[in-house]
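Readers should treat all values here as calculations from the given coordinates under stated rules, not as data from a laboratory. Here the structure is a predicted model, which means the values were calculated and not measured. Cβ placement follows ideal geometry from the backbone for every residue including glycine, while neighbour counts extend to all protein chains displayed.
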Amino acid sequence: MSQATKKTQLHVQRKRKSEAVKSSPLIEMEDTDAEEREALSKLPTFDVLLSNRPRLNDQRSEFYPVPQYAQLNDGTEIYARNALESEFPINENGVTFYAKVKMLIDGNEHSVEVSPTTKENLPIYIHNDTGILYPMDLTLKRPVFKKNGNGGEEYLTDSFVTIPHYPIDADGKAHYARDANGDEYPIKRDNKCIYAKGKDNKEIYPRKANLDEFALEDENNVPYYAKNEDEHEYYPTKIDGQ
C-alpha cells in the first residue's frame, strides 16, 4: 500500500480563546479516493494565501515547531502542509483549531477562520462531538457557510458528517444559514423543519432579512411555536416590537 493510500487518524476538537471542549470521537480521514474527495463540501475560495508558495517535491512534511501558525505581514495565518501537499491544522494538547486570515468583505477588513485544504483545494473540516466545527467570521461573530450558485448560504456537510446541523458559536448561540434574499432558513429532518437550539437548550426563531422572527410550519402549512429552555412555547417577535 503506497503512502498516498494510508489512512491517518486525527483527534479533532474545538479551541476558541474563551472555550475548551471535551475530546471528540476518533475520526478516520482518507485522502486517496477521488470520488470521496469530490463529495466534500466547498467553502468560498479565499485567494489570500501565497499563490507562489513552492511545492513540496521531496516527500517531506512541514511541521509546527511551536503551537501557533506562521503569519504574513498582515496577520494572515498559514497552514503547514504534509508530503501529499494537503494542509493540516495545529493540534495542541488534543485541541485542534482553524487558522485565521484577513480579508475584505464589502469593503471592510474581517478576521475569518478558514479550513485547511487538500492539494485539490477541497476543505478539510475540523470535527467536534456535535459534527462539523464551523469556521467563524470573527469580526461578525458568525459562522462561515458555503455558498451556492445563487449566492445563498448552505449548511456544511462532508463525507463523515452527511446530515447538516446548526452551528453553535463559542458563546453557545446557534445560527441559521441565509438564502440569497438574506432570510434565514431551517434544517428539515423527517419532512419537518426543526428550530435551531443553543447551549442553553432554548429553541430560537429564524429571522427575515428585516430581522422579523417567524414561526416554522408543518407540511400542512400550520405554524408551530419554538420552546424556551423550560420547554414552554413562546411567540416570535417583529422589529416594531409586536
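Annotations
- A full extension of the chain between Glu85 and Thr237 corresponds to an added length of 49.7 nm, given 0.36 nm per residue minus the alpha carbon distance.
- The alpha carbon gyration tensor of the range 118-194 gives principal lengths a ≥ b ≥ c with a/c below 1.5, which makes the shape rounded.
- When Arg189, Arg178 are arranged by Cβ crowding within 10 Å, least crowded first, meaning fewest neighbours, the order is Arg189, Arg178.
- A Förster distance of 25 Å, applied to the separation of the beta-carbon atoms of Lys197 and Lys119, puts the FRET efficiency at 0.10.
- Over the range 102-158, the fraction of Cα-Cα pairs per 10 Å bin, rounded to whole percents and listed from the shortest bin up, is 20, 49, 29, 1.
- Surface/4 estimate of mean projected area, convex hull on alpha-carbon atoms of the range 72-116, nm²: 4.1 nm²
- Fewest-first ranking of Glu77, Glu120, using other Cβ atoms within 10 Å as the exposure measure: Glu120, Glu77
- Counting every other Cβ atom within 10 Å of each residue's Cβ, Asp74, Asp169 order from fewest to most as Asp74, Asp169.
- Here the Kirkwood formula puts the hydrodynamic radius of the range 50-165 at 15.6 Å, using every distinct Cα pair.
- Residue pairs exceeding 25 angstrom between C-alpha atoms, taken from Lys146/Lys192; Lys147/Lys208; Lys147/Lys197; Lys100/Lys147; Lys100/Lys238; Lys119/Lys188: Lys100/Lys238; Lys119/Lys188.
- P(r) of the range 137-242 over all Cα-Cα pairs, binned every 5 Å from zero, in whole percent: 2, 12, 18, 25, 23, 13, 5, 1, 0
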